[in-house]
Amino acid sequence: MISFSRTMLVGAEFPGEDLVRFHGMLEDRIYAMEIIMEVRLSDGVVQAIQGRMKRFTTPVCPKAVEPLQAAVGMSLKEPGWISKLNREVGRRGCQHFAEILVECGRCLEAAGMAHELLAKAKETPDADCGSLIQAFLSAHPEMAGKCMARTQEA
Amino acid sequence: MILSFLRNKVVDVKQERDGCLKVFWRLTDTFLDASLEIEVKPPDLEITAASGRVLRSPHKQCGSAPQLLSRVLGVRVGPGLRKITEGLMGGPAGCPELAEGVLECCNAVILHFTVPQLQATEKGTQEEKKERFRAMLRFNPRLLRSCVAFAEDSPLVDGLL
């Protein structure tokens, strides 16, 4: 029997060409919470955030919704952004909220890539997905060198 | 509005008859499908087995990333885990996604042990519940200042510092 289980879900929609809206959700045996966060794609700066605690452990936990606002103005592309979020949102508020924000931040690049590829696929419906991805990666050298695959490709 | 990107991460912990914990992790998103399984042996919480697969990825080199998992064998779930795991598996020569997967598995192991402690705090009067939280903090002082509930000015911490 499973003694502990956690699901984390991140969805990204694009209400504007340079604006991504993340829907982040965490649900496990202990906690349930969600956020909606708007981020400027070009520089990764958080524009707005809302959070909701649905299931938590102590009567103090709901106070962690307010410190979420510390994320507004932070860039999810700046060096050290994860530590900064963990400090400002996690330690001052709730670590699990911070985990959702960090996961959204980790999805920023991929969400931008998906958005651009969807647009390209509309323009060139006959192109295969693999070649579109490769063309995208060649056109974005800033994505190179972040892991073994990207380092080898670079 | 239709989503452009979706990521789903799941982690499950299962306790075996011999006390070992098996942890299953899977990430699926628009581009990536990766999974891993680790085994953690109490009481030291040492990682005794680790394996994984990358089923789908935009980079063909990702298929060899699970080989990195053998590097975490012998690592213990405890202080310094993030630095150790990222050093062994992350960075430009590693796979940050799988390194994060290992860390999420280890976090799930900690939460597996936390569930019964928290269940105990759900019973009794407000004062009894508060006292159980305080006992938990005394037992695990690393929780102090870790979040708003365990901050210096929290009523749960009052008098403990």
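Computed values, structure above
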{"item": "Selection within region B:50-93 - without any contact (Cβ under 8 Å) to a residue 12 or more places away in the chain, under 18 Å from B:Glu37 (Cα atoms) and part of a helix (DSSP H, G or I)", "result": "B:Gly63, B:Ser64, B:Gln67"}
{"item": "Wholly within region A:1-47, strands (runs of 3 or more DSSP E) carrying at least 1 residues that are within 9 Å of another protein chain (Cβ to nearest Cβ)", "result": "A:2-16, A:19-28"}
{"item": "Residue tally, condition in contact with a helix residue (DSSP H, G or I) (Cβ under 8 Å, 6 or more places away or on another chain) and away from chain B (no Cβ under 13 Å), over region A:116-144", "result": "2"}
{"item": "Residue among B:Glu152, B:Glu86 that alone is surrounded by 13 or more Cβ atoms within 10 Å (Cβ to Cβ), of a type in the set (D, E, K, R), within 12 Å of another protein chain (Cβ to nearest Cβ) and out of contact with any His (no Cβ under 9 Å at 6 or more places or on another chain)", "result": "B:Glu86"}
{"item": "Cβ-Cβ under 6 Å pairs, at least 6 apart or on other chains, region B:17-34 side within 9 Å of chain A (Cβ to nearest Cβ), far side assigned to a loop (DSSP other than H, G, I, E, B)", "result": "B:Phe31/B:Pro58; B:Leu32/B:Ser57"}
{"item": "Residue in region A:97-105 that is β-branched (Val, Ile, Thr), under 30 Å from B:Ala151 (Cβ atoms) and loosely packed, with under 15 Cβ neighbours inside 10 Å present", "result": "no"}
{"item": "Region A:70-87 residues that are over 22 Å from B:Val148 (Cα atoms) and of a type outside the set (Gly, Ala, Ser), paired with ones that are modelled with pLDDT of 95 or more and outside any helix (DSSP H, G or I) (beta carbon under 8 Å, 6 or more apart)", "result": "A:Leu76/A:Val39; A:Leu76/A:Gly44; A:Leu76/A:Val45; A:Leu76/A:Val46; A:Lys77/A:Asp43; A:Lys77/A:Gly44; A:Glu78/A:Gly44"}
{"item": "Of residues in region B:73-83 being more than 14 Å from chain A (Cβ to nearest Cβ) and within 14 Å of the chain's Cα centre (by Cα), the one farthest from B:Leu45 (Cα to Cα)", "result": "B:Gly80"}
{"item": "Pair list, Cβ < 7 Å and 6+ apart or interchain, from region A:124-138 residues that are within 17 Å of B:Thr30 (Cβ to Cβ) to residues that are outside any loop (DSSP other than H, G, I, E, B) and among the charged types (D, E, K, R)", "result": "A:Leu132/A:Lys120; A:Phe136/A:Glu116; A:Leu137/A:Glu153"}
{"item": "Filter result (facing chain B (nearest Cβ under 10 Å) and either in a strand (DSSP E or B) or buried (at least 18 other Cβ atoms within 10 Å of the Cβ) (or both)) within region A:58-68", "result": "A:Thr58, A:Val60, A:Cys61, A:Lys63, A:Ala64, A:Val65, A:Pro67"}
{"item": "Which numbered condition A:Glu78 misses (of (1) surrounded by 20 or more Cβ atoms within 10 Å (Cβ to Cβ); (2) outside any strand (DSSP E or B))", "result": "(1)"}
{"item": "Some residue of region B:96-104 being over 24 Å from A:Ala32 (Cα atoms) and either surrounded by fewer than 18 Cβ atoms within 10 Å (Cβ to Cβ) or at pLDDT below 95 (or both)", "result": "yes"}
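The values are calculated or read from the model by the stated rules, or taken from the named source; none is laboratory data. Quick caveat: nothing in here was measured; it's all calculated off a predicted structure. Because the Cβ atoms are built from the backbone with ideal geometry, glycine has one as well, and the counts that use them run over all protein chains shown.
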